[in-house]
Amino acid sequence: MNFWEYLGSRHQQLLIDAYQHASAVFQCMVVATVVGVVIGVVTYRSEWAGNLATTTTSTILTIPSLAMIGLLIPIVGLGVPPTVIALTLYGLLPIVRNAIVGLRGVDPSLVDAAKGIGMSRLARLARVELPLAWPPILTGIRVSTQMLMGIAAIAAYASGPGLGNEIFRGIASLGSKNALNQVLAGTLGIIVLALLFDAAYVLVGRLTIPRGIRARDD
């Protein structure tokens with residue numbers, strides 16, 4: 001059976017795995033984005049706090065994904081919980097770092113002007129600082145998503161959802177007639193999902209970032 005015949009015979013299961021893979025990454029990215037931006041907002045004004053946040057999240061990223069999931073299994077069990085926790089933790093660094101950089105890069109004169117017209121601290125953050133810091137934050141989200149697309153495949157080790165199951169089945173049955181097809185289908189599926197997510201982020205950027213800011217960043 002060649003690769004195309006394999007895809008034809010397994011397309012329903014592959015679509016289910018692809019949906020689960022994309023859903024897991026998307027949901028974890030939502031959580032990681034909220035947590036990462038909150039950490040950035042809390043720490044960007046303090047040099048030591050910002051460095052602590054960046055160092056802590058970068059340390060998490062140095063833990064091998066298999067080791068992370070292996071450590072989580074005795075605590076939360078198999079399946080979705082260790083996948084969600086691991087992916088969320090791995091997705092924090094680019095978001096936290098870019099949120100801090102973006103917020104620190106906001107022109108102080110604009111913040112002072114907002115303060116001068118009577119805006120509260122929360123209003124300045126929501127209406128001035130975060131919108132101006134959004135381009136680097138979005139870049140951090142894109143980077144995190146690309147990382148998590150690959151890391152999510154390791155979730156199959158803990159009976160997690162996604163295309164990693166296809167890859168693991170192929171590796172476990174090396175030498176069989178469909179082993180290479182399984183690995184190739186899972187790998188190409190992850191690449192396609194990563195490209196689709198990145199294209200979606202480009203569209204989000206065009207819709208949410210004013211043209212003048214985009215031109216300045218370019």
The helices (runs of 4 or more DSSP H) lying wholly within segment 1-87 that contain at least 2 residues that are of a type in the set (Asp, Glu) are 3-43
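Has segment 32-41 got at least one residue that is open to solvent by 70 Å² or more (accessible area, probe 1.4 Å), of a type outside the set (D, E, K, R) and at pLDDT below 95?
no
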Across (1) over 13 Å from the mean Cα position of the chain (by Cα); (2) under 23 Å from HIS21 (Cβ atoms); (3) surrounded by fewer than 19 Cβ atoms within 10 Å (Cβ to Cβ); (4) in contact (Cβ under 8 Å) with a residue 24 or more places away in the chain, ALA67 clears everything bar (4)
Scanning segment 97-156 for residues that are outside any helix (DSSP H, G or I) and of a type in the set (S, T, N, Q) gives SER120
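When the residues of segment 103-155 are narrowed to those that are basic (Lys, Arg) and touching a residue at least 24 places away in the same chain (Cβ under 8 Å), which ends up nearest to TYR44 (Cα to Cα)? Lay out the reasoning, then the answer.
Step one: list which residues in segment 103-155 are basic (Lys, Arg), which gives 104, 115, 121, 124, 127, 142.
Right, trim to touching a residue at least 24 places away in the same chain (Cβ under 8 Å) and you get 104, 142.
On the way: ARG104: 6, ARG142: 21 Å.
So, considering only residues that are basic (Lys, Arg) and touching a residue at least 24 places away in the same chain (Cβ under 8 Å), the one nearest to TYR44 (Cα to Cα) is ARG104.
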Has segment 88-100 got at least one residue that is more than 22 Å from VAL204 (Cα to Cα) and at pLDDT below 90? no
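The values are calculated or read from the model by the stated rules, or taken from the named source; none is laboratory data. The shown structure was predicted, so the numbers you read here are calculated from the model rather than taken from an experiment. All Cβ positions, glycine included, derive from the backbone under ideal geometry; neighbour counts span all protein chains shown. Calculation scope for accessible area: heavy atoms of the full protein, side chains included, ligands and nucleic acids excluded. Shrake-Rupley method; radii C 1.70, N 1.55, O 1.52, S 1.80 Å.
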